[in-house]
Amino acid sequence: MVLENLASSLNNAIKKVLRAPIVDEKIVKELIRDIQRALIQADVNIKLVLELSKNVEKKILEAELPPGITRRELAIKVVYDELVSLLGGEKAEAPKYERGKLTIILLIGVQGSGKTTSASKLAWYFKNQGYSVGLVCADNFRAGAYDQLKQLAEKIGVPFYGERDEKDAVKISINGVNKFKENKIEIIIVDTAGRHKREQELLEEMKKIADAIKPTEIMLVLDATMGQQSAQQAEAFNKVTNIGTIFLTKLDGTAKGGGAISAVASTGARIRFVGVGEEPDEIELFNPRRFVGRLLGMGDIESLIEKFKSIEKAEKEAMSTIASGKFTLKDLYVQLQTIKKMGPIGKLLQSIPGMSISNEMMNITEEKMKKWMVIMQSMTEEELLNPDIIDGSRMKRIARGSGTTIKDVRELLDNYRMSKKYIKQLIKKQKGLYKLFKK
Ligand SMILES: Nc1nc2c(ncn2[C@@H]2O[C@H](COP(=O)(O)OP(=O)(O)O)[C@@H](O)[C@H]2O)c(=O)[nH]1
Ligand SMILES: [Mg+2]
């Protein structure tokens, strides 16, 4: 039984209700049976399934219908709500680690589940939240694990700790934690090995590491494409260490992640983050509503609307700056950073017909941005706020002062004007699109 079956049987159950001419007790009972079958086949704890179905049945049959709501709509809403509450409730909940205090996150999971990638994603996420973050490589089993995490750490600009030749993962974990503790790092993320000669060895090693470094949170990394194996993995790990949260990876593919429901049910751990790509910034907070929507086959528009909301928020400031005609060179730098951060959103926009984003804008390298900052530092306040006054002789002075060439200065100014135009266009397009998706 693979997880796709769970998703499709739930989906079929919902469709049956949608197709039925009237939703009477018989249909409701049938719906309940379908849901029970689907969940039990997906290894969700039987007691839990019975509880869930009892709730659904009771709510659908006994509830007073709210005005304007059909029993059919209510049935779907109830199933939806029950699954959402099984997965932890209403909304995406951001972890709140105390500032200035030490938080240790220990990542565990089988080989290939995405631990190392997710470690870098978490580091990227928390760094952006303003925490100081350190990455520890305690995977000394797979050759290349050290370099993989080290490179990712360099890419996102967070400190890395590893010992290439040390064979004892427990020792490395302790040393790494101690070093970052000395450096007053707030969040230490420990990446571990996934493959061992025997599974039992791996589980014992995880337990030893956990006992040694006493993590604040043990996070199980689960591959969304793994189906019901997820529950078995989760249970095996949960027996030796207490899993607190789950990072569900590879939700960017076709997998709906139904297996994770079983993992949640069997461990009581909450899914906290999802991975939606291979890059460090392709991480999202787990959103139960969106997840269930997707599982039941009605979530795509919802996630799109949410993405647009977040773009709208990010661009609101830019909009008001530009609307007031005050888009300066200083703003340009901030904007470029925003655009870089919007990487995945850029991708999303590109996937919508008629929304191709200027590639020149998305491809500006970090190097170039640094050079531009240096150039801008050689400008006067007046020039920064009023770039139009920069003529040939000013360009010469700025180039000399920043150790660059007139060509570099001109390139920056060209890009500034292009950005101004581009951002204006982007906002216009977004306004139009946003209207389309607003209910
Ligand atoms: N598409 C996609 N690929 C992922 C995601 N997370 C990890 N991967 C890929 O899965 C593979 C295994 O990841 P890795 O982090 O090395 O797994 P580990 O063995 O648990 O450390 C790599 O090819 C990753 O790029 C994700 O969220 N989406
Ligand atoms: Mg790894």
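Summing Lys and Arg as +1 and Asp and Glu as -1 over all other residues whose Cβ lies under 14 Å from the Cβ of residue 406 gives a net charge of +3. Taking other Cβ atoms within 10 Å as a rough exposure proxy, 131, 125 sort from fewest to most as 131, 125. Counting neighbouring beta carbons within 10 Å and listing from fewest to most, the residues 235, 182 come out as 182, 235. Approximating the spin labels as points 7 Å out from Cα along Cα→Cβ, the residue 30-to-residue 164 distance works out to 6.6 nm. The label-point distance for residue 142 and residue 58, in a model that sets each label 7 Å from Cα toward Cβ, rounds to 4.6 nm.
Residues 395, 418, ranked from the fewest to the most other C-beta atoms within 10 Å, line up as 418, 395. Using a Förster distance of 45 angstrom, determine the FRET efficiency expected from the C-beta separation of residue 418 and residue 211, and round it to 0.05. The calculated FRET efficiency here is 0.20. Separation of region 244-298 and region 111-164, taken as the distance between their Cα centroids, equals 21 angstrom. Within region 103-295, DSSP assigns beta bridges of which about 10% are antiparallel (rounded to the nearest 5). For region 225-253, the residues whose amide N sits under 20 Å from a probe point set 7 Å from the Cα of residue 195 along the beta carbon direction are 225-227, 229-230, 233-234, 237, 249-250. Remark: spin-label model distance residue 236-residue 400 equals 7.1 nm, labels positioned 7 Å along the Cα→Cβ axis.
Any read-out appearing in this document is the output of simple, stated calculations on the displayed coordinates, not a laboratory observation. Everything quoted here is computed from the prediction, not taken from an experiment. Here Cβ is always computed from backbone atoms with ideal geometry, including for glycine, and neighbour counts include all displayed protein chains.
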